[in-house]
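Asks: Here you go, one structure.
Taken together, the values in this text are just the output of simple stated rules run on the coordinates, not laboratory data. Small disclaimer: the values here were computed from a predicted structure and weren't measured. Methodologically, a virtual Cβ is constructed for each residue, glycine included, from the backbone with ideal geometry; neighbour enumeration extends over all protein chains shown.
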Amino acid sequence: MKPKVIPIEEWLQSFRGAADELARASLRFDPGAATAREAEDGEPGAYIAVLSPNNAVHLGLSAKPAQCRALARALLGLRRDEALSEADVVDSVSEVMNILAGKVKASMTGRDGQLHLGLPMYVPNPISASAGSEAASVEVKLGPVECTLRVYRRQRAA
């Protein structure tokens, strides 16, 4: 029996569950870590493809720069006053996305056992759906960190 195309809403639901689990079980937030509202432009984030012959989506996690730094610190177990380079932020947010995508893949394996992960890609601003694509997103909090989870995919021809 051929695996069916998984609705985009199910991808987003699985992604949100993975994010909730990661924030609860694996990230260590410094009290007040993401409460500062620094005036910075942009919404950097990391994206990763989850692919099979029947399903192809891109999952993304984006947030304001201060929120990305707080997320990186939570992954690395750093306090707010400890040094954190931009390379550390890029690597950490990409690793958070990699962990989340792995959790989503594992939860979707019962629906499509041929799923594979791509490599995370960090970008300075969120990507957007183009013509012929569909997207779903949700605003979430990972601990105190406000971020957006995004799912994109190209629409299939009828």
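Asks: Tell me, yes or no, whether the range 45-66 has at least one residue that is farther than 17 Å from Tyr152 by Cα and among the polar types (S, T, N, Q).
Replies: Looking through the range 45-66, none of the residues is farther than 17 Å from Tyr152 by Cα and among the polar types (S, T, N, Q).
Asks: Can you pull out every residue in the range 38-75 that is in a loop (DSSP other than H, G, I, E, B) and touching a residue at least 40 places away in the same chain (Cβ under 8 Å)?
Replies: First, pick out the residues of the range 38-75 that are in a loop (DSSP other than H, G, I, E, B): 38-44, 52-55, 63-64.
Matches in the range 38-75: Gly42, Glu43, Pro44, Ser52, Pro53, Asn54, Asn55, Ala63, Lys64.
Asks: So which residues in the range 117-136 are of a type in the set (Ser, Thr, Tyr), outside any loop (DSSP other than H, G, I, E, B) and either free of Cβ contacts under 8 Å to residues at least 12 places away in the same chain or closer than 13 Å to Tyr47 by Cα (or both)? Give the steps one after another, and end with the answer.
Replies: Here is the first cut: in the range 117-136, the ones of a type in the set (Ser, Thr, Tyr) are 122, 128, 130, 133.
Next cut, outside any loop (DSSP other than H, G, I, E, B) only: 122, 133.
Once the filter is applied, which keeps residues that are of a type in the set (Ser, Thr, Tyr), outside any loop (DSSP other than H, G, I, E, B) and either free of Cβ contacts under 8 Å to residues at least 12 places away in the same chain or closer than 13 Å to Tyr47 by Cα (or both), the range 117-136 yields only Tyr122.
Asks: Taking the criterion of being part of a loop (DSSP other than H, G, I, E, B), in contact (Cβ under 8 Å) with a residue 12 or more places away in the chain and under 16 Å from the mean Cα position of the chain (by Cα), would at least one residue in the range 95-116 satisfy it? Break it down into steps so the answer makes sense when it comes.
Replies: Filtering the range 95-116 down to residues part of a loop (DSSP other than H, G, I, E, B) leaves 109-115.
Filter again for in contact (Cβ under 8 Å) with a residue 12 or more places away in the chain, leaving 111-115.
From what's left, under 16 Å from the mean Cα position of the chain (by Cα): none.
Looking for residues that are part of a loop (DSSP other than H, G, I, E, B), in contact (Cβ under 8 Å) with a residue 12 or more places away in the chain and under 16 Å from the mean Cα position of the chain (by Cα), one finds none in the range 95-116, hence no.
Asks: Exactly one of these conditions fails for Gly132: (1) touching a His at 6+ places or on another chain (Cβ under 9 Å); (2) small (Gly, Ala, Ser); (3) at positive phi. Give me its number.
Replies: Gly132 satisfies every listed condition except (1).
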